[in-house]
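Please read the structure below before turning to the comments.
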Amino acid sequence: MVDLLHLRRARLDLLPVLYALLECGSVTKAARSLDLTQSAVSQNLRVLRAIFNDDLLVPAGRSFQLTELAGNLLEPLSCLLEDAGQLVSPRVPFDPREEGAHIVISSADYVVSLLASRVIRVSGDEAPKVTFEFTEGSRTTCLDDLSKIDFFIAPRVYGESFGKRIGKLSLWRDQIVCIGARDNARLPARIRVAEVAQHRQVGYRVNPMIPEKIRRLIHPHLVLDTKKVCIAPTFSVLGEIVEKSDCIALVPGSVARDMASYRRIKIIELDEVESRFEICAFWSLSVANKRGHAWARKLIASVSKEISVG
């Protein structure tokens, strides 16, 4: 039940100021975004610190950083203010059949291969004026990069490295599997990690400019990679190589299942290793209110239900 008396006494008028402070991470920038003086925002910050019994913003060199409590407040506060904004100033809902939008999605090529055709299949009927642009995911490495696109789709552990000032949506579960030619009699139904090194292996070329730690978060299969006899530029090429050779490759199960529908390959499960991971969509809170963004989130979530593996 809503405590109306408590809400009546609370300084709800300070919530926009609180959000601006948390989003901007600076009194100066918050004041500018609110069209208020710095002294007024500083006074409001003192009141907010007293209300929450927390510093909210603390010095970090020449800038400020959010406290743990402040970081946890940002996403629910964004949702609260978005709902409040729609309540007091109702906007006409985005109509994909009539309105145009340009949605930029950044991800690895195997995610694009799985998602793009499904998104376009639905949007062709529902949103004739909406354009989806898919870009190379390895270029998205920090929070500033995230604010330049609409969605970044990656394994959950990598996306969460951006911190708490982001939106997140779970899309599908996946797992790393081994693939080989269907007529390769040397390959068992299940393969142990130690046995992987006994076979010639082909792999996907990951951008060498990305630090090793980040590369392994973007591409979980790299943990299992051994010395490869061939490195290909895309995941799609790996299926063709293993189909026509005695090589194996480690790929996400969703990719393997898709390849097996049109190539003579077999899927081999891995033993003795945790190979499962979760794919999520991430976005900057600064783009969450963009026209068409909420509609695109629902569309991506809907078509992703077809992809989940295990």
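Values in this text are rule-based calculations from the coordinates and carry no lab data. Computed from a predicted model, the values in this text were never measured in an experiment. Methodologically, a virtual Cβ is constructed for each residue, glycine included, from the backbone with ideal geometry; neighbour enumeration extends over all protein chains shown.
Give the residue list of GluC sites (Glu not before Pro) in the range 246-289 that are DSSP loop and have at most 13 other beta-carbon atoms within 10 angstrom.
Hits after loop and neighbour filter: Glu272, Glu274.
For the range 144-192, what class follows from the C-alpha gyration tensor (a ≥ b ≥ c being the square roots of its eigenvalues): rounded when a/c is under 1.5, otherwise prolate if a/b is larger than b/c, else oblate?
Cα axes put the range 144-192 in the prolate bin.
From the residues Gln38, Ser63, Gly85, which one has its Cα farthest along the dipole of the range 4-88 in the positive direction, the dipole being from +1 and -1 charges on Cβ of Lys/Arg and Asp/Glu about the Cα centre?
Going by the charge dipole, the pick is Gln38.
Quick one: grab the alpha carbon gyration tensor of the range 1-50, order the square roots of its eigenvalues as a ≥ b ≥ c, and give me rounded if a/c is under 1.5, else prolate or oblate depending on whether a/b is larger than b/c.
It is prolate, given that a/c is not under 1.5 and a/b is the larger ratio.
Relative contact order, percent, of the range 4-88 when contacts are C-alpha pairs under 8 Å separated by at least 6 residues?
It rounds to 28 percent for the range 4-88.
Straight-line reach only, C-alpha to C-alpha below 27 angstrom: list the lysines that Lys290 could link to, leaving out same-chain residues fewer than 8 apart.
Straight-line reach from Lys290, under 27 Å: Lys29, Lys129, Lys148, Lys164, Lys168, Lys298, Lys305.
When the dipole is taken about the Cα centre of the range 4-88, and only Lys, Arg (+1) and Asp, Glu (-1) are charged at their Cβ, what size is it in debye, to the nearest 20?
The dipole magnitude comes to about 360 debye.
Would you mind working out the magnitude of the charge dipole of the range 223-264 relative to its Cα centre, with +1 at each Lys and Arg C-beta and -1 at each Asp and Glu C-beta, to the nearest 20 Debye?
Computed charge dipole of the range 223-264: roughly 40 debye.
What does the C-alpha gyration tensor say about the overall shape of the range 41-125? Classify as rounded when a/c is under 1.5, otherwise prolate if a/b is larger than b/c, or oblate.
It comes out oblate by the Cα gyration axes.
Which whole-Hz ³J(HN,Hα) couplings does the range 59-68 yield from phi under the Karplus relation 6.51 cos²θ - 1.76 cosθ + 1.60, θ = phi - 60°, glycine and proline marked x?
Karplus-based 3J(HN,Hα) across the range 59-68 equals x, 9, x, 8, 10, 10, 10, 6, 6, 4 Hz.
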